[in-house]
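Values quoted throughout were computed directly from the atomic coordinates according to the rules given, and no laboratory measurement underlies them. Remember, it's a predicted structure, so these values are computed and weren't measured experimentally. Counting neighbours? That spans all protein chains shown, and the Cβs are built from the backbone with ideal geometry, glycine included.
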Amino acid sequence: MRAVVTGGAGFLGSHLCERLIARGDEVLALDNLSTGSVDNLAHLIGHDRFRFVRVDVTDYVHVVGDVDLVLHFASPASPIDYLALPIQTLKVGSIGTFHALGLAKEKKARFLLASTSEVYGDPEVHPQPESYWGHVNPVGPRGVYDEAKRFAEAATLAYRQTHGVDTGIVRIFNTFGPRMRPNDGRAIPNFIRQALAGEPVTVAGDGTQTRSICYVDDLVTGILALADSEHAGPVNVGNPHEISMDALARWIIELTGSSSRVEYIARPVDDPTVRQPDTTLARELLGWSPQVEIEDALRRTIAWFREQRDARFDAPPLSPDATAHILAGS
C-alpha cells in the first residue's frame, strides 16, 4: 500500500510512519513542522519507501500517483501548543481536514481521521462510549482543539455520506511514549522531565482528576487495525487503565528513583475531571486491546527521556537553514 500521513513528523505521526514502513508499505509524510520535528523521522530519511515533504495541509494537499490510505494526523495536540496556536488548530481541523478528505476522494483511498477523547469534554458519562455526545465548552480555552476535532468528525461523515469516501474515525485517548517533547505541557512528559531533574513534580488541582493512559505501540496497533478494516467508527482506542494524576505523579517519581516531591498548582480551565474509554467496540470490531503493561511502558518511556537528556536533548532546535539542508537530502 501507499499511505499519506499528515502530521507525519509529530509524536504519533512518526510512530505511524515507522510502523507502516516496517510492514512493507510506502509512506509519504506531510508536516509543516509547527509542532513536529524532523528528528522524529531521522531514522527513516533515505529509506527507499519513505518520503517527507514540508507542507501546510491548510494551504493545499497535492500528491502525484496512486494513494491507498490517507491518515489525517496533522494538528497541535498538547494544550501548550493549541493554546498558543488557536487559529492554526481550528484551520487544520477544518480546512486541513477538507483538503485531506479531498485527496482521499480524488485517489479513491481509505481515509482515517485522528480524532480525540477531547470530543467528550468534561464528561457526564463514565466511562465514555462512542455513543456519548460529550460535554464541551465551545468558548472555553480548550474549545479551539475540542471543536476542531468535533468539526473534523462531522466533515468526515459528510464526505462518506455525500461522496462515498471510505472513511474511519478513531478517537484517541491519552497516549505516551518515546518522541514526546519534554516541554509539551502534557502530564507524563512533564512529570518525567521534572522527576529526572529533581524538580518538584507539579500536579494540577488536588490531583484527583483521572486519565486513562495508553502506550504508543498499542495505540498504533489499534489505529492500523481500524485503518485496515471497513469500519466507519468512531471507535475509541485507548487503555481503560484509569489513574489519578496524583497517583501517576508519585508512580513516576518512584520509577525514576527521584527525590522530587509533588507540588500542587492551579488547575487549568475546563480540565476534565475524568477520562476513561469504553473500548467494547475496539475489542468486538477490531479484536484489539492494549497489550503493554503500564509500568513497563512507563519504564520504557523514562529510559528514553533519560537517554535524550544525556544526549543533550535540550539543545536548541535546528535552524531553518539546517532543517532545509536535511530535508533537501531526503
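Observations on the structure shown:
- With semi-axes defined as the square roots of five times the eigenvalues of the C-alpha gyration tensor, the equivalent ellipsoid of segment 1-120 measures 22, 17, 12 Å, largest first.
- Given in Å, the Rg to one decimal and the Dmax to the nearest whole number for the Cα atoms of segment 60-150 are 14.7, 46.
- Difference of contour (0.36 nm per residue) and Cα-Cα distance, His47 to Arg261: 72.6 nm
- DSSP beta bridges confined to the chain are antiparallel in about 10 percent of cases.
- Residues of segment 8-39 with amide N under 15 Å of a point placed 7 Å along Cα→Cβ from Ile80: 11, 35-37
- In segment 122-214, the alpha-carbon atoms span a convex hull of 147 Å³ per residue.
- Each semi-axis of the equivalent ellipsoid for the chain is √(5λ) with λ an eigenvalue of the Cα gyration tensor; in descending order they amount to 30, 24, 18 Å.
- Convex hull volume per residue in cubic angstrom - Cα atoms of segment 105-170: 88 Å³
- In this rough spin-label picture, where each label sits 7 Å from Cα along the Cβ direction, the Arg23-Ser244 distance is 3.9 nm.
- Relative contact order %, the chain, counting alpha carbon pairs below 8 Å whose residues are six or more apart: 17 percent
- Counting every alpha-carbon pair across segment 221-305, the share separated by more than 18 Å comes to 59%.
- Sorting the Cα pairs of segment 161-262 by distance into bins of 10 Å, from 0 upward, gives 15, 37, 26, 15, 6, 1 percent per bin.
- Values of log10 I(q)/I(0) for segment 36-99 across q = 0.11, 0.19, 0.24, 0.27 Å⁻¹ run -0.32, -0.90, -1.18, -1.26, by the Debye formula with one identical scatterer at each alpha carbon and no solvent.
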